[in-house]
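The values are calculated or read from the model by the stated rules, or taken from the named source; none is laboratory data. Computed from a prediction, not measured in an experiment: that's the story for all the values here. Note that each Cβ is placed from the backbone with ideal geometry, even for glycine, and that neighbours are counted across all protein chains shown.
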Amino acid sequence: MATEVKIPVPDQTTEEVRIVKWKKSLGEAVEAGEVVLEVETDKSIIEIDAVAGGVLLKQLFMEDDMVPVGKTVGMIGPAGSEIETAGVGKTVSAGAAPGTAPTVRPTEPSTGHVKVSPIAEKVAAKLGVDSGLIRGSGPGGKIIRKDVEQFAAGKQTVPASTTAMAAGGRIPASPNAKRLARELDVDLYEVAGSGPDGRILGTDVEKYAFTAPERLPKTAPTATSVPVAGQAQVGSVVKLSKMRRAIGLNLQMSFRDTPHFNVTMSIDMTNAMQLRSRLNEGKDKSQCVSVNDLVVKACAHALKQYPVVNSRFEEDRINYLADINIGVATAVEAGLVVPVLTNADKRDWYDLAMETKRLAQEARNGKIIGAGKGTFTVSNLGMFGVDEFTAIINPPESAILAVGAIKNTVVDIGGGIGVRPMMKVTLCSDHRIIDGTIAAQFLQCVKEYLEQQVA
């Protein structure tokens, strides 16, 4: 029987996604767990895995299509199967050759009318220029902002950026880059991308906006008047980005609908830090175990003993999850995202360390791995010197651990006084599922592991 490829529900506020790329062609063999396609949400790009093996029989939507979450977008089954499914797409018959590529709809209509980027159209109207008289230098002759400005100034147009040309007309840009382009009035067709495969990142947009010749400020700002990089300009009013709006709605819903309560405990990290030093001795940076890795490992250990902390509240029942998938809160340009470390309890130290670093880098490049699969989250602000804090639960999970900095502290050691590296952690829990006693016992388990059992 054929298996459906469905768009997952990454969070409670995402309603639709854009198909970025099919990673498998029609007729191509697919193994269970392999990535079939990539989709873009308001926050990031996520990968969708096949739940069963076979052949990709049908693609119901093409690249750049907007698709509601939960929707079936493809079918996987035995080679030669005939599938009748409502919607667009095409079916591979028994004699179809593997690797047959789908026909992707052009992103621009080929009707011969003048194609103008939204910002170029806006600038043309402002300058009183007839776009029909302008020779476009963008992909497929598309008129971009620079064409309009140079036409108005009586100058020749210049070639479009190689990034946009390489993309065949569709600009490969992160959601944050698109947001910044709107806010800073930048035409993405003119920006060269520095990300993977020429993808335009938010930093590329900012660099272009503040260094392009026609945009350079007349006087250089003084050091005391410039906000920290990435912060908004004083006095500006900025429309919410889709990502920031999605984050706000998701956390507002969590804080409003979930009865949070918080339990804090101090942990002596002496043994854990000594182990970390031994593990990292002579190792490449990519393999080095971080403090956060120590905490994630301890949480994975405790979640196995306290399944209620690894559960979900589902209306009239509690779903105790079999997998232990720990989300690692990661700061990116436009906000906070949570890539997920799957099967955290089954990974050794070096596998855990390398995978966590990979997930963080992918997140900064705009791709979230394991979206919607998390069962528990760790949020660490210790690297910023934060002593302790509380966090908002990432729905539909039931708890999140907020981790503070490790600080040398005077403590009681066997009736005497000594200095130890102490770390405060706070478990923020859903009181509908987790009682205070369970929260305390869970933290005791984490504490005992880091203080005595870590090895």
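Below is a table of values for the structure above.
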read-out	value
Every pair of residues 6+ apart whose Cβ atoms lie under 7 Å, when the first sits in the range 271-285 and is surrounded by 10 or more Cβ atoms within 10 Å (Cβ to Cβ) while the second is among the β-branched types (Val, Ile, Thr)	271/454; 272/454; 275/454; 276/289; 279/289; 280/289
Condition check for residue 357: assigned to a loop (DSSP other than H, G, I, E, B) and either of a type in the set (Lys, Arg) or out of contact with any strand residue (DSSP E or B) (no Cβ under 8 Å at 6 or more places or on another chain) (or both)	no
Residue within the range 301-310 that is without any contact (Cβ under 8 Å) to a residue 40 or more places away in the chain and either buried (at least 20 other Cβ atoms within 10 Å of the Cβ) or of a type in the set (Val, Ile, Thr) (or both) present	no
Residue check for residue 76: touching a strand residue (DSSP E or B) at 6+ places or on another chain (Cβ under 6 Å), crowded, with 17+ Cβ neighbours inside 10 Å, at pLDDT below 90 and outside any loop (DSSP other than H, G, I, E, B)	no
Matching residues in the range 315-342 - criterion: being among the acidic types (Asp, Glu) and either touching a residue at least 12 places away in the same chain (Cβ under 8 Å) or not assigned by TED's automatic domain parsing to the domain that holds residue 372 (or both)	323, 333
Matching residues, the range 2-40, being touching a Ser or Thr at 6+ places or on another chain (Cβ under 9 Å) and on the phi > 0 side of the Ramachandran plot	27
Qualifying residue in the range 284-298 (condition: in contact with a Leu (Cβ under 9 Å, 6 or more places away or on another chain) and modelled with pLDDT under 90)	yes
Subset of the range 363-405 [acidic (Asp, Glu) and either assigned to a strand (DSSP E or B) or surrounded by fewer than 20 Cβ atoms within 10 Å (Cβ to Cβ) (or both)]	387, 388
Qualifying residues in the range 108-128 (those that are farther than 17 Å from residue 190 by Cβ and among the hydrophobic types (A, V, I, L, M, F, W, C)) - the one modelled with the highest pLDDT	125
Strands (runs of 3 or more DSSP E) lying entirely in the range 16-66 (those with 3 or more residues that are acidic (Asp, Glu) and either modelled with pLDDT under 85 or within 18 Å of residue 363 (Cα to Cα) (or both))	none
Some residue of the range 165-173 being closer than 30 Å to residue 427 by Cα, modelled with pLDDT of 75 or more, crowded, with 20+ Cβ neighbours inside 10 Å and not basic (Lys, Arg)	no
Within the range 227-330, strands (runs of 3 or more DSSP E) holding 1 or more residues that are touching a helix residue (DSSP H, G or I) at 6+ places or on another chain (Cβ under 8 Å)	260-268, 317-320, 326-328
